[in-house]
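Rule-based calculations on the coordinates, nothing more; no lab input. This is a predicted model, so every value here is computed, not measured. All Cβ positions, glycine included, derive from the backbone under ideal geometry; neighbour counts span all protein chains shown.
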Amino acid sequence: MKKMWAEPKIAVQEFVPNEYVAACFQLACGRGSDPSFPYGEHWNSGERGNVSHSTIGTPDTCGDASANRVITDDGGFVQSVGEYNGEQGWLNGGLDYVLQMDGNNTVDPGDVIFWHTEASGWSDRRKWNHWGVVQQQDPSHPNHS
């Protein structure tokens, strides 16, 4: 079989940016600052144990906007919420309800999220119910990738 020589060719692939851009949000629990339930009660079950809520702005608590994380999927739908607690570390959370203020079914500033966290120790059965208004982390830089 006879081999054929082929001239080398270069294929150039153009970069196409991903259209999905992550947004960074802050979420502080409002229960310690406003226990009146201004948005109603939308939790799947009640709190357990002797629990309390810190006021908004208290570092390393549910009232600290930078201590809570909102986990979304690629479409912006809330999957879960967690909290970093200065005494207990990361507390796993569960999503109970999202009150959509704009009706677009994705997390946006102004939406109200109802979630719960549970104590991290196996013998500690405490459960906290939280609500908070989603805020843009840095309004001058709304998107991060």
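Here is how the numbers come out for the structure above:
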item: Total formal charge among the other residues, if their Cβ is under 15 angstrom from that of Glu118, Lys/Arg +1 and Asp/Glu -1; result: -1
item: Cubic angstrom per residue, convex hull over Cα atoms of the chain; result: 223 Å³
item: Extension reserve of the Phe37-Lys2 stretch, reckoned as 0.36 nm per residue once the Cα distance is removed; result: 4.3 nm
item: Net lengthening on full extension, Gln137/Val12 (0.36 nm per residue, minus Cα-Cα); result: 41.1 nm
item: Under 19 Å from the Ser52 label point (7 Å along Cα→beta-carbon), backbone N, segment 24-40; result: 29-37
item: Whole-number percent relative contact order across segment 22-138, with pairs defined as alpha carbons under 8 Å at least 6 apart; result: 30 percent
item: Proximal charge balance of Trp128 [Cβ under 15 Å; K/R count +1, D/E count -1]; result: -4
